[in-house]
Amino acid sequence: MLKKLGIIATITCSIFAFSFPGQSEAHANTHTVQKGESIYKIATKYGLSYKQLQEMNDKGESTIHPGDQLKLPVVPNNYERDLLSRLVEAEAKGESYAGKVAVATVVLNRVESELFPNSIHGVIHDGIQFSPVLNGTIKEAASAESKRAVEEALDYQGYDNDSLFFYNPDKAQSDYLSQKEVTTVIGDHVFMK
């Protein structure tokens, strides 16, 4: 009997361990500057624009030194890209395209923040933060517009690192969020840091 329970426990743990394939570890998305490298060379190596890499690392000037750690954008795998698109669809259905991009940007900003988990899956499934996870609407397919919004947010990384929260004050009340600094309002959503 104990042997059967051990086998079942091993199978259950294995299923759980592999139920979210290929989660990225965003905080591992860094580059250690080597002698002779420039922001331009590093950006080219990773297929980024010079300006994006500069913005992501608050490098108004282009001086970098060997040993410096530069942040790189989150590069989601197919699972995470789909998950983020479905979250955007569920959270921002009926909102403008700009609102959908902003929702995706909040998730990416959280991945980069030390305050939240360091993967898209981890951020989306972190506690009770996103109602579509709790009510199951995240399981519905994303529209083409939500998928495009995610792609734009991915390309936009580094240009807006401020917004970490959003909510619709007509649908939800939050003492915690009402104390946060508003970064922008798009449609029915208020974005904050």
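The values are calculated or read from the model by the stated rules, or taken from the named source; none is laboratory data. These figures come from a predicted structure and were not determined experimentally. Please note: Cβ atoms are built from the backbone with ideal geometry, for glycine as well, and neighbour counts cover all protein chains shown. Only protein heavy atoms, including side chains, enter the accessible area calculation; ligands, DNA and RNA are left aside. Shrake-Rupley method; radii C 1.70, N 1.55, O 1.52, S 1.80 Å.
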message = Six or more apart or on different chains, Cβ atoms under 8 Å: show the pairs whose first residue is in the range 100-127 and open to solvent by 20 Å² or more (accessible area, probe 1.4 Å) and whose second is in a helix (DSSP H, G or I) and among the basic types (Lys, Arg).
response = PHE116/ARG110; PRO117/ARG110
Selection count where residues are among the basic types (Lys, Arg) and more than 28 Å from LYS171 (Cβ to Cβ), scope the range 49-103 = 3
query = small (Gly, Ala, Ser) and either more than 17 Å from TYR79 (Cα to Cα) or over 12 Å from the mean Cα position of the chain (by Cα) (or both): does that describe SER119?
reply = no
ask   = Which of the residues that make up the range 48-75 are outside any loop (DSSP other than H, G, I, E, B) and hydroxyl-bearing (Ser, Thr, Tyr)?
value = TYR50
query = For residues in the range 93-114 being over 10 Å from the mean Cα position of the chain (by Cα) and more than 20 Å from SER131 (Cβ to Cβ), which is modelled with the lowest pLDDT?
reply = GLU114
task = For LEU154, work out the one condition from (1) assigned to a strand (DSSP E or B); (2) surrounded by 15 or more Cβ atoms within 10 Å (Cβ to Cβ) it doesn't fulfil.
result = (1)
inquiry  = When you scan the range 134-151, do you find a residue that is open to solvent by less than 30 Å² (accessible area, probe 1.4 Å), closer than 26 Å to ASP58 by Cβ and within 15 Å of the chain's Cα centre (by Cα), even just one?
reply    = yes
request  = Filter the range 43-75 down to residues that are among the acidic types (Asp, Glu) and farther than 19 Å from LEU108 by Cα and give me whichever is most open to solvent (accessible area, probe 1.4 Å).
outcome  = GLU61
query = Limited to the range 160-177, what total is found for residues that are in a loop (DSSP other than H, G, I, E, B) and either hydroxyl-bearing (Ser, Thr, Tyr) or touching a Pro at 6+ places or on another chain (Cβ under 7 Å) (or both)?
reply = 2
request  = Restrict the check to the range 76-92 and report whether at least one residue is on the phi < 0 side of the Ramachandran plot, crowded, with 22+ Cβ neighbours inside 10 Å and part of a loop (DSSP other than H, G, I, E, B).
outcome  = yes
query = Looking at this structure, is VAL182 surrounded by fewer than 16 Cβ atoms within 10 Å (Cβ to Cβ) and either among the hydroxyl-bearing types (Ser, Thr, Tyr) or modelled with pLDDT under 95 (or both)?
reply = yes
ask   = So which of TYR46, TYR50, TYR97 ends up being of a type outside the set (A, V, I, L, M), free of Cβ contacts under 8 Å to residues at least 60 places away in the same chain and within 14 Å of ALA153 (Cα to Cα)?
value = TYR97
query = Residue check: is ASN135 out of contact with any helix residue (DSSP H, G or I) (no Cβ under 7 Å at 6 or more places or on another chain) and not charged (D, E, K, R)?
reply = yes
inquiry  = Just the residues that are open to solvent by less than 80 Å² (accessible area, probe 1.4 Å) and among the hydroxyl-bearing types (Ser, Thr, Tyr), please, taken from the range 166-177.
reply    = TYR167, SER174
